[in-house]
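Engineer: Questions regarding the structure given below will be posed in turn.
Where a number appears in this text, it was derived from the coordinates with a stated rule and is not lab data. These figures come from a predicted structure and were not determined experimentally. Note that we place each Cβ from the backbone using ideal geometry, even for glycine, and neighbour counts take in every protein chain shown.
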Amino acid sequence: MRKIGVLTSGGDAPGMNAAIRAVTRTALYYGVEVMGIKRGYHGLVHGEIIPLRSRTVGDILQRGGTILRTARSEKFKTPEGLKRAAEQLDKFGIEGLVVIGGDGSFRGALDLMEYGIKVVGVPGTIDNDIGCTDYSIGFDTAVNTAVDAINKIRDTATSHERLYVIEVMGRNSGFLALTAGLAGGAESVLIPEVPFDIDEICKKIVAGHRRGKAHSIIVVAEGVEGTPKPGQAAENIGFKIGNMICEKTDFETRITILGHVQRGGTPTVMDRVLATRTGAKAVELLLDGDSGNMVGLVDNKYEVFSMKESIEKKKSIDMATYELVNILSST
């Protein structure tokens, strides 16, 4: 293999740049040219492809986002768009492709395999919902951002003796909300995977107040009341939950929506190492003739798994962790 491509697709995640850097420099070390595909599958369909050099990826390890940009592409999902994407790869002489993204990105990569393109996946999403890996690029940074915000909000919640509802990202997955809620000492965590009873939540808040709690923190995942279409925000679920609690308890309530601040920022050490190791491993797999697989981190070991398996085996929430949040906030 003499030339490979790399793209980032779906939502951006801190650490994607570290993965691009690792892919590029590992390939160059083995004498393989690298082409960067801008704006994900949208850019692939339209031929937005540029050469990547060692200096191109210099000084990006610590930067959030992705220098290749990312975008959604409805055209790529059509037979005509998929064929056009394969033709662009052939036109630029790209023999293998590293795809950095989530399950939707992996599905696109598997579709390209039907045209004889060799593909390897690198899991990158702050939702951390990809199967066959304990962590995906961006999750650790995003959850640390959320916990930092919870810590700061708790200071003012204590000062004013208020109840705060904090909405975090997670359209289909509660990993971010659950981990941030556990680490941030939330009284309750609401996630898409588990139905909630607003009356039980209010009883818990009132009971805590009677025990002398000066404030309460409720963490809510944005997708807890249903799944919006891609690109469409949830309908102010944080405000909806906050208003219901206020009406039922008569406690002074404030709502904070963290939003896209969770996607940005300098990636943590964990995300940098994860991205670097998985990006480098992906190149090695391509050069060994591998295709259709992804690199995952399981039990602190970097392993190779089928992308199809990673999509089908959707990662499940650890209910023991969910129950622990309730246990720790009940006394």
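Engineer: Which of 291, 173, 316 moves the most in a Gaussian network model of the chain with Cα springs under 10 Å?
Structural biologist: Comparing 291, 173, 316 in the GNM, the peak value goes to 316.
Engineer: Further question: Given +1 on the Cβ of Lys and Arg, -1 on the Cβ of Asp and Glu, and no further charges, what dipole in debye does region 1-160 carry about its Cα centre, rounded to the nearest 20?
Structural biologist: 580 debye
Engineer: Rounded to the nearest 0.05, what FRET efficiency is calculated for residue 151 and residue 313 with R0 set to 35 Å and r the Cβ-Cβ distance? Don't jump to the answer; show the numbers that get you there.
Structural biologist: Working: r = 34 Å, r/R0 = 0.97.
E(calc), rounded to 0.05, equals 0.55.
Engineer: Next question. Can you list the equivalent-ellipsoid semi-axes of the chain, largest first and in whole Å, using the square root of 5 times each Cα gyration tensor eigenvalue? Kindly include the intermediate steps, with their values, before the conclusion.
Structural biologist: Numbers: eigenvalues 339, 67, 55 Å².
So the equivalent ellipsoid measures 41, 18, 17 Å along its semi-axes.
Engineer: Find, among the GluC sites (Glu not before Pro) in region 160-261, those assigned to loop by DSSP (not H, G, I, E, B) with at most 15 other beta-carbon atoms within 10 angstrom. Don't jump to the answer; show the numbers that get you there.
Structural biologist: Working: sites: 161, 167, 187, 193, 200, 222, 225, 235, 247, 252; in loops: 161, 187, 193, 222, 225, 235, 252.
Passing sites in region 160-261 are 161, 235, 252.
Engineer: Anyone know which of 211, 69, 39 comes out most mobile in the 10 Å Cα GNM of the chain?
Structural biologist: 211
Engineer: Considering only the other residues whose Cβ falls under 11 Å of the Cβ of residue 57, what net charge follows from Lys and Arg at +1 and Asp and Glu at -1?
Structural biologist: It works out to a net charge of +4.
Engineer: Show me the trypsin sites (Lys or Arg not before Pro) within region 240-331 that DSSP assigns to loop and that have at most 16 other Cβ atoms within 10 Å of their Cβ. Mind dumping the intermediate values first?
Structural biologist: On the way: sites: 240, 248, 254, 263, 272, 277, 281, 301, 308, 313, 314, 315; in loops: 263, 313, 314, 315.
Listed in order of number, the matching sites are 313, 314.
Engineer: Where Lys and Arg each count +1 and Asp and Glu each count -1, what net charge lies around residue 325 among other residues with Cβ under 14 Å from its Cβ?
Structural biologist: Working: positive: 204; negative: 187, 193, 200, 318, 323.
Residues near residue 325 contribute -4 overall.
Engineer: Distance check, please: which entries in 118/314; 83/301; 152/248; 77/118; 91/313 exceed 28 angstrom between their Cα atoms?
Structural biologist: Numbers: 118/314 24 Å; 83/301 36 Å; 152/248 26 Å; 77/118 18 Å; 91/313 35 Å.
Where the Cα-Cα span goes over 28 Å, the pairs concerned are 83/301; 91/313.
Engineer: Using +1 on the beta carbon of Lys and Arg, -1 on that of Asp and Glu, and nothing else charged, what's the dipole of region 233-331 about the Cα centre, debye to 20?
Structural biologist: Values: 12 positive and 14 negative charges, 37 e Å.
So the dipole magnitude of region 233-331 works out to roughly 180 debye.
Engineer: Roughly how big is region 140-263's charge dipole about its Cα centre, with Cβ charges of +1 (Lys, Arg) and -1 (Asp, Glu), in debye to the nearest 20? Please report the intermediate quantities before stating the final value.
Structural biologist: Details: 14 positive and 16 negative charges, 40 e Å.
Taking the Cα centre of region 140-263 as origin, the dipole is about 180 debye.
Engineer: Using alpha carbons only, how many angstrom separate the centre of region 16-56 from the centre of region 75-138?
Structural biologist: 14 Å
Engineer: Normalised by the number of residues in region 140-263, what is the relative contact order in percent for Cα pairs under 8 Å and 6+ residues apart?
Structural biologist: On the way: 218 pairs, mean separation 46.8, N = 124.
Normalised by residue count, the contact order of region 140-263 is 38 percent.
Engineer: Using 5 Å bins from zero, what percent of all Cα-Cα pairs in region 145-186 falls into each bin?
Structural biologist: Percent of pairs per bin, in order: 6, 24, 32, 21, 12, 5, 1.
Engineer: Quick check for you: which residues of region 239-259 have the amide N under 15 Å from the point 7 Å beyond the Cα of residue 209 toward its beta carbon?
Structural biologist: 242-254
Engineer: Normalised by the number of residues in the chain, what is the relative contact order in percent for Cα pairs under 8 Å and 6+ residues apart?
Structural biologist: Details: 739 pairs, mean separation 77.7, N = 331.
RCO, the chain: 23 percent.
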